[in-house]
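Shown next, in structure tokens, is the structure this report addresses.
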6 protein chains.
Amino acid sequence: MNRHDGRSADELRPVIIDTDFLKHPEGSVLITVGETKVICTASIEDRVPPFMRGKGKGWIAAEYSMLPRATEQRNIREAAKGKLSGRTMEIQRLIGRSLRSVVNLEGFGERTIWVDCDVIQADGGTRTASITGAFVAVVMALKNFKDKQKIKSLPVTDFLAAVSVGMDLEEQEMLDLCYSEDAAAAVDMNIVMTGTGKFVELQGTGEEASYSKEQLDRMLSLGEKGLQEIFMIQRQVLGDTVNEIGKDDKEEK
Amino acid sequence: MNRHDGRSADELRPVIIDTDFLKHPEGSVLITVGETKVICTASIEDRVPPFMRGKGKGWIAAEYSMLPRATEQRNIREAAKGKLSGRTMEIQRLIGRSLRSVVNLEGFGERTIWVDCDVIQADGGTRTASITGAFVAVVMALKNFKDKQKIKSLPVTDFLAAVSVGMDLEEQEMLDLCYSEDAAAAVDMNIVMTGTGKFVELQGTGEEASYSKEQLDRMLSLGEKGLQEIFMIQRQVLGDTVNEIGKDDKEEK
Amino acid sequence: MNRHDGRSADELRPVIIDTDFLKHPEGSVLITVGETKVICTASIEDRVPPFMRGKGKGWIAAEYSMLPRATEQRNIREAAKGKLSGRTMEIQRLIGRSLRSVVNLEGFGERTIWVDCDVIQADGGTRTASITGAFVAVVMALKNFKDKQKIKSLPVTDFLAAVSVGMDLEEQEMLDLCYSEDAAAAVDMNIVMTGTGKFVELQGTGEEASYSKEQLDRMLSLGEKGLQEIFMIQRQVLGDTVNEIGKDDKEEK
Amino acid sequence: MNRHDGRSADELRPVIIDTDFLKHPEGSVLITVGETKVICTASIEDRVPPFMRGKGKGWIAAEYSMLPRATEQRNIREAAKGKLSGRTMEIQRLIGRSLRSVVNLEGFGERTIWVDCDVIQADGGTRTASITGAFVAVVMALKNFKDKQKIKSLPVTDFLAAVSVGMDLEEQEMLDLCYSEDAAAAVDMNIVMTGTGKFVELQGTGEEASYSKEQLDRMLSLGEKGLQEIFMIQRQVLGDTVNEIGKDDKEEK
Amino acid sequence: MNRHDGRSADELRPVIIDTDFLKHPEGSVLITVGETKVICTASIEDRVPPFMRGKGKGWIAAEYSMLPRATEQRNIREAAKGKLSGRTMEIQRLIGRSLRSVVNLEGFGERTIWVDCDVIQADGGTRTASITGAFVAVVMALKNFKDKQKIKSLPVTDFLAAVSVGMDLEEQEMLDLCYSEDAAAAVDMNIVMTGTGKFVELQGTGEEASYSKEQLDRMLSLGEKGLQEIFMIQRQVLGDTVNEIGKDDKEEK
Amino acid sequence: MNRHDGRSADELRPVIIDTDFLKHPEGSVLITVGETKVICTASIEDRVPPFMRGKGKGWIAAEYSMLPRATEQRNIREAAKGKLSGRTMEIQRLIGRSLRSVVNLEGFGERTIWVDCDVIQADGGTRTASITGAFVAVVMALKNFKDKQKIKSLPVTDFLAAVSVGMDLEEQEMLDLCYSEDAAAAVDMNIVMTGTGKFVELQGTGEEASYSKEQLDRMLSLGEKGLQEIFMIQRQVLGDTVNEIGKDDKEEK
């Protein structure tokens, strides 16, 4: 295996999570994964969207965007085009759904946690970095909310992180693809997993290609290895708050 | 296992594919899966989208829509709202990507195959039924195109079909969820597979829930079983054209 | 007179109305007029649009759409374009207005009947087929509503159907134009009439041409003949419900 | 018959056409019909829309708008809403289609005549006043074009004007409805006619009402009477140019 | 100084304000400044926008538009494009803000004054003419409102008018630029001033150029001279109502 | 004078300009002014917008956006709303126009410099910080372009920076307003100036207030003082490139 940045097939790029990156949001981080940089913020609003009203529970909604020049070539702003691309919608639905799986929506009242993931520099893996960083921002926002005594316990049931795995045209599996690897990959898979090792989302796409069950299993193993390392970084960053995660048991739906 | 329509956990709903359903399109089917009914058409246009121009190859683009009253409650038309929902975009991207993995894009010139999947009645599994039906419509359109001597061989490299699997709140896995099962599921997974048993897409979502590797494996087995049955139905419908599938080897990218 | 399908100038194409075509809507038909096929559904919603609120009466709103490949050449979806064409708006306003003229809006409370006309195959006359089919779907939905004892009598004051007539470049009038006749016509006229022979809508357009009062009169006669035949078909399809039409007298406005 | 402004049933409101109302357009008029005032301009652009390219003929496109406070209650601007209403689209399609029936499109090259009808004050009959005024503006623009020797003869084949007729709830027919009459009418009909007395458009709408053939005939007679008077006013305004109308014979399509 | 229309550098074009130009609005004027003509109307609506609700005060909102053929070349309608240009938004924000500075928003209840400025002919200075004309329309609407005894005093604290000044490429300052002067100017400045000589808005733009403090001062002097003349015209037009302006003291915010 | 952060009336907040902040753009800075932080990038594209084609010169276009949580309260994304606000359009037009006044558009061929200003944290003065930062990013992008020998000299004719000044309700003038000062100000003025002390833009707005010529002069003096300090910071950041500014004389238009 010969990765252009010298990594081995099962090696993550360096992951750094800077907390309290911005002044105004309840929770905010700058997550850096190799050359990919994403600002993730969590904002708590005192109401829920119409379809959730009157249910006595909250909601988590995510939005994702890239600066026009986060990429090698400048992209036209979606605000200027007047509509979101399918890719953006897919990603923000994925981020929101993933976070909702580890937060007890009954645990913070009829409120919405708005998660904003703004990519300021992109080099592959922006959606997985967004999920990993957004989890920390959400925990911090809820911790902050608990410290203000608006809720009694932290309604976070487990850790959550995401990573990409893939397979190149020589059918070699690898962990955490950078942009050039992703562009050349035969298979691209995003894995979202809980701290206790269960899948929340699995999205594996053959790009005009396909993959066998054995190849799937090898990719899932690589992903699990990488995710264990990412959970360690989240734990370091969250400090004592780690002890409050998983203490508020989410009721059965 | 007690499914409300009496099926066993590994049992498909009846699948019927009516071919030549409409007069104008090059290929068209009405696919019925239980109570779900989708009109799938394939139209060949003599040009490609801007990003594909001058590459000497074709493109497959898919669009998906539901009649407002395909569902229990009437939905507002996306044309009236003036924009596509994230769900619609996600589905049409999935359909297009899946079909491109089994069609040799070099094999039909700088043309676009437009795939239109219009759900006239919905009872769960509309995206997987769309893929299964659209594959047949695309093969028929290309066969028709070959019969007119516009191409020399059928540029279809393999069969393609899709099915859903899921897991309910009692952690019981099952095949081919109808709407009420889907609405109540803890995990919802769509599997798109080739006739030779390789994955093209795997999308497994825990709905505010998660699943283990063992559960994943059991769901994948159920899916593979169902897909083998669906491939049989596609073969019956396609008749002699079956023999031309996989004969035009898709070159390595 | 030499029509390409062998019809005489005053001959309708075959009209077939399949009822209960879909599972979910309160009323639904598939109407076939020659090669033109339209799914018409009627859905009753428990509220009215803002401009009708508090008036103690209901509303009928119609929407019209074509599948992209209902036509010889594929059309771009209006949902993809993000707006309705002028033609679509004109047609759906016509359908709604026509139906409101034979339904007593005071007779079903502050509710909206949504009429959806989706053309799955087009060969001319889609708007008139939509009106003819939608009338049956609306009657069935209201009958169903009465059977559930939500209303006491059927608030339908008369039959309603529509047909096209036209004049070709040789100034020959004819009934029920198919697409190729319509495209070549000098004059195109749509007539919407009640079962008692009164006009509800008359829209006669010279396509870069004009017509005299005598020609108008001849076209109206052809239209009336065709409409009498269509009313017979509606009567057969509606069975005993026919006896309830016109029994609920619409009050003077 | 007792009309609130003292007119008899077959009496027009005063019609005044001020020519050369604006400085920039090739042709412009302010048409006043009672209290209704519309600025109609005709602008000649040196290209045609995409669907007309390469056919060696021109096009006429019309746009219609109202000032927000043309009416009793202020209307929201369509530019602010970001889309045209169905009513606006219907009217501008009607204006364009009507004008195209009396102008020889082969007679002014691959150019577009843009017709803009801007209602500055509305009191019923804005669409018919627009057609009557726009005809004069178009003739003036083409005359101006001929005077600049860009075309050899005036490609106008006949006069064109429009008027409304209607029937009130007492089934009394009347000519040229003002706003309050229109709002209360059972039947509202717009007639577009050529100077030689042939119909170009006939749009008769029962507003939750219907009308018999005899009533139709009476309304058409009223309309024809009014239109003859309007043609006289157009003739006075156009002066000597009148002699050039109908001299350029439009070829058969 | 050699202006193409023979004016001296400090000379305004003729300004005419026709009042009660339209029938329906509470206040309306046609303002003519040289060849520039703008219809300004003021409409009072019995509610305020959401962000002003419950504050016990009113709002003034302005909209600005041009007829497509107000200009030498026809412009595409913003309603047809489906969005307002940046230029339009800038102008309507400027008009609204300017008017709000001389009207006591506490003085007419929770109502909105809608100001519509529709340019029917453009020859430079449309935004300043709009402000000058709109002020008169607003005073007339409020006077009318007071006459109906809906308010006790006229909540207008001062006069308001606007004018443009500029500097050409030879660094010559001049007052009230017409279109050709504006298009060639190095600096373009709009001054909005109160009757007591205080600035409300000052917007001075170097068009790929810049200007010194001395040049700024000379332009401001020219502007003040022109504005004094415009205030005289407003006074003549408003008659006795002039005496009510400035009597209702606006409280400190 | 008692400013809440202890500054004197003529004191700027600390200004820091970090260069080469992002990896991909030709020029990029993070500018910090007190608590306001803006990422400014400059990207050079090898074509110009349609209205500039074939003129042998380039263009500078600016876009401005805020992260949803740059502010105390979360704002809805303009991409989600599907349109830009008037405020955003006004700001991006101002930034582009200002930069064009100090760059020789003939000096870099038919290319567009895209300037993107993304506010990641807002505390007043985001538009002036954007201009000050964008100037540096543009110089760096052009320097980079010259180093690659695509242009021979740096087509920058002068320095450019911007600052806000204002006046509070006690009629006290002050320099560089933070958000709370801006929200409470009676007058808000933005000054864009060249390094040689000439005005490029002056926008002074009385917020439901007005200001005299004397107050204007005092505000302009404050602004000039602040701008001299900002030019020093730009000079430090640009290093030797400073010597190339103003060497390429912009020709007269």
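At R0 = 30 Å, how high is the FRET efficiency between C:Glu214 and D:Arg87 if r is their beta carbon distance? Nearest 0.05 is fine. Walk me through the numbers on the way to the answer.
Values: r = 32 Å, r/R0 = 1.08.
That pair, C:Glu214 with D:Arg87, gives E of 0.40.
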_Going 7 Å from Cα along the Cα-Cβ axis for the label, what nanometre distances separate A:Ala184 from the same residue across the other copies?_
5.0, 6.0, 6.1, 6.1, 8.2
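Expressed as a fraction of 2.2 N^0.38 Å, the rule-of-thumb size for a compact globular protein of N residues, what is the C-alpha radius of gyration of the range B:11-119? Before the final figure, lay out the partial values.
Numbers: Rg = 15.5 Å, N = 109, 2.2 N^0.38 = 13.1 Å.
Relative to the rule-of-thumb radius for its length, the range B:11-119 sits at 1.18.
Using alpha-carbon pairs under 8 Å, 6+ residues apart, how would you state the relative contact order of the range E:71-178 in percent? Present the calculation step by step, with values, prior to reporting the outcome.
Working: 91 pairs, mean separation 30.4, N = 108.
Computed value for the range E:71-178: 28 percent relative contact order.
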_Can you find, among C:Gly125, C:Trp114, C:Ile31, the residue sitting farthest towards the positive end of the charge dipole of chain C, where Lys and Arg contribute +1 and Asp and Glu -1 at Cβ?_
C:Trp114
_As a check on your reading of the symmetry: which chain A residue has its Cβ nearest the axis that brings A onto E, and how far is it in Å?_
A:Gly82, 5
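From the Cα gyration tensor of the protein assembly as shown, with a ≥ b ≥ c the square roots of its eigenvalues, which class applies: rounded if a/c is under 1.5, or else prolate if a/b is larger than b/c, or else oblate? Show your work: numbers first, answer last.
On the way: a/c = 1.64, a/b = 1.00, b/c = 1.64.
Taking the square roots of the gyration eigenvalues as a ≥ b ≥ c, the protein assembly as shown is oblate.
With the other protein chains left in place, how much accessible area per residue, in square angstrom, belongs to chain B at a 1.4 angstrom probe? Numbers along the way, then the final one.
On the way: 9590 Å² over 253 residues.
Counting only protein heavy atoms, the per-residue value for chain B is 38 Å².
What fraction of the DSSP beta bridges in the protein assembly as shown is antiparallel, stated in percent and rounded to the nearest 5? Don't skip to the answer; put the middle values down first.
Details: 261 of 309 bridges.
Here the share of antiparallel DSSP bridges comes out near 85 percent.
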*Take the alpha carbon atoms of the range C:101-179, find their center, do the same for the range E:1-71, and report the distance between the two centers in whole angstrom.*
48
*5 Å-binned pair-distance histogram of the range D:124-220 (Cα, whole percent)*: 3, 13, 20, 19, 14, 10, 7, 6, 5, 3, 1, 0
_Using a 1.4 Å probe on the protein heavy atoms, what percent of the accessible area of chain E belongs to carbon and sulfur?_
46
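For the pair F and A, how large is the buried accessible area, both sides, in square angstrom to the nearest 100, if the probe is 1.4 Å?
For chain F against chain A, roughly 2900 Å² becomes buried.
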*Apply the Karplus parameterisation 6.51 cos²θ - 1.76 cosθ + 1.60, with θ equal to phi minus 60°, to every residue of the range B:193-199 and state each ³J(HN,Hα) to the nearest whole Hz, in sequence, with x for glycine and proline.*
9, 8, x, 8, x, 9, 6
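Find out how many positive minus negative residues lie around E:Arg111, taking Lys and Arg as positive, Asp and Glu as negative, among other residues whose Cβ is under 14 Å from that of E:Arg111.
Numbers: positive: D:Arg74, E:Arg47, E:Arg53, E:Lys55, E:Lys57, E:Arg100, E:Lys146, E:Lys148, E:Lys150; negative: E:Glu26, E:Glu45, E:Asp46, E:Glu106, E:Glu110.
Cβ neighbours under 14 Å give a net charge of +4.
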_Quick query: amide H of F:Gln121 versus all other amide H atoms, modeled in the peptide plane; which residues come in under 5 Å with a sequence gap of 5 or more or a different chain?_
F:Lys37
*How far, in degrees from 0 to 90, does helix F:126-147 lean away from the longest principal axis of the Cα atoms of chain F, to the nearest 10?*
20
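Taking the Cα centre of the range B:1-98 as origin and charging only Cβ (+1 Lys, Arg; -1 Asp, Glu), how large is the dipole, in debye to the nearest 20? Don't skip to the end; give the middle numbers.
Details: 17 positive and 13 negative charges, 108 e Å.
Dipole about the Cα centre, nearest 20: 520 debye.
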*Along the charge dipole of the range C:97-243, Cβ charges K/R +1 and D/E -1, which of C:Met219, C:Val200, C:Gly166 sits furthest on the positive end?*
C:Val200
*Charge dipole (debye, nearest 20) of the range D:64-124; +1 at Cβ of Lys and Arg, -1 at Cβ of Asp and Glu*: 260
*Which parts of the range B:100-120, residue by residue, lose 30 Å² or more of accessible area when the rest of the protein chains are there, as against the chain isolated (1.4 Å probe)?*
B:Ser101, B:Asp116, B:Asp118, B:Ile120
*Check cross-link reach from A:Lys225 to the lysines: straight Cα distance under 26 Å, and skip same-chain residues fewer than eight apart.*
A:Lys37, A:Lys198, A:Lys213, A:Lys247, B:Lys198, B:Lys213
*Relative contact order for the range E:115-167 using alpha-carbon pairs under 8 Å, separation at least 6, rounded to a whole percent?*
43
*For the pair D:Glu106 and C:Asp18, what calculated FRET efficiency results from E = 1/(1 + (r/R0)^6), where r is the Cβ-Cβ distance and R0 = 51 Å, to the nearest 0.05?*
0.60
*Accessible area (Å², 1.4 Å probe, nearest 10) - C:Phe231*: 10
*Got a sec? Which residues of the range E:20-51 lose 40 Å² or more of accessible surface with every protein chain in place, vs. that chain alone, 1.4 Å probe?*
E:Leu22, E:Lys23, E:His24
*asked:* What do you get for the angle between helix B:213-238 and the principal long axis of chain B? Use alpha-carbon atoms, 0 to 90 degrees, nearest ten.
replied: 50
_Modelled label reach - C:Gln172, point 7 Å along Cα→Cβ, the range C:1-41 residues with backbone N closer than 17 Å_ = C:1-13
_Whole-Hz ³J(HN,Hα) from phi, Karplus 6.51 cos²θ - 1.76 cosθ + 1.60, for the range C:38-48, glycine and proline x_ = 10, 8, 10, 10, 10, 10, 9, 10, 7, 7, 10
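Quote the charge dipole size of the range F:114-162 about the Cα centre in Debye, to the nearest 20; the model charges only the Cβ of Lys and Arg (+1) and of Asp and Glu (-1). Let's see the in-between values first.
On the way: 6 positive and 5 negative charges, 80 e Å.
It comes to approximately 380 debye.
Please go through the range B:68-160 and write out the trypsin sites (Lys or Arg not before Pro) that DSSP classes as loop and that have at most 15 other C-beta atoms within 10 Å. The partial results should precede the final answer.
On the way: sites: B:Arg69, B:Arg74, B:Arg77, B:Lys81, B:Lys83, B:Arg87, B:Arg93, B:Arg97, B:Arg100, B:Arg111, B:Arg127, B:Lys143, B:Lys146, B:Lys148, B:Lys150, B:Lys152; in loops: B:Arg69, B:Arg74, B:Arg77, B:Lys83, B:Arg111, B:Lys148, B:Lys150, B:Lys152.
When the trypsin sites (Lys or Arg not before Pro) of the range B:68-160 are filtered for loop state and at most 15 Cβ neighbours within 10 Å, B:Lys148, B:Lys150, B:Lys152 remain.
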*Hey, can you list the residues from the range A:53-71 whose accessible area shrinks by 50 Å² or more with all protein chains present, relative to the chain by itself (probe 1.4 Å, no ligands or nucleic acids)?*
A:Glu63, A:Leu67, A:Arg69
*To the nearest Å, what is the center-to-center distance of the range B:228-244 and the range D:192-211, using C-alpha atoms only?*
57
*Karplus couplings for the range A:112-117 from phi (6.51 cos²θ - 1.76 cosθ + 1.60, θ = phi - 60°), rounded to Hz, Gly and Pro as x?*
10, 9, 8, 10, 10, 10
_Under the rule of at least 5 residues apart or a separate chain, name every residue whose amide H is placed under 5 Å from the amide H of F:Val103._
F:Thr157
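Nearest-5 percent of antiparallel DSSP beta bridges in the range E:1-159?
Details: 22 of 30 bridges.
Among the beta bridges of the range E:1-159, antiparallel pairing accounts for roughly 75 percent.
Ranked by accessible surface with a 1.4 Å probe, highest first, in what order do B:Thr71, F:Thr88 come? Walk me through the numbers on the way to the answer.
On the way: B:Thr71 30, F:Thr88 5 Å².
Ranking B:Thr71, F:Thr88 by accessible area, largest first, yields B:Thr71, F:Thr88.
With contacts defined as alpha carbon pairs under 8 Å and 6 or more residues apart, what's the relative contact order of chain E in percent?
Numbers: 539 pairs, mean separation 53.6, N = 253.
The normalised contact order for chain E reaches 21 percent.
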_Value of D in µm² per second that Stokes-Einstein yields for chain C, Kirkwood Rh from Cα pairs, at 37 °C (0.692 mPa s)_ = 176
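The values are calculated or read from the model by the stated rules, or taken from the named source; none is laboratory data. This structure is a prediction, so every number in the text was calculated from the model and none was measured. Please note: Cβ atoms are built from the backbone with ideal geometry, for glycine as well, and neighbour counts cover all protein chains shown. We work out accessible area using only protein heavy atoms, side chains counted, and drop any ligands, DNA or RNA first. Shrake-Rupley method; radii C 1.70, N 1.55, O 1.52, S 1.80 Å.
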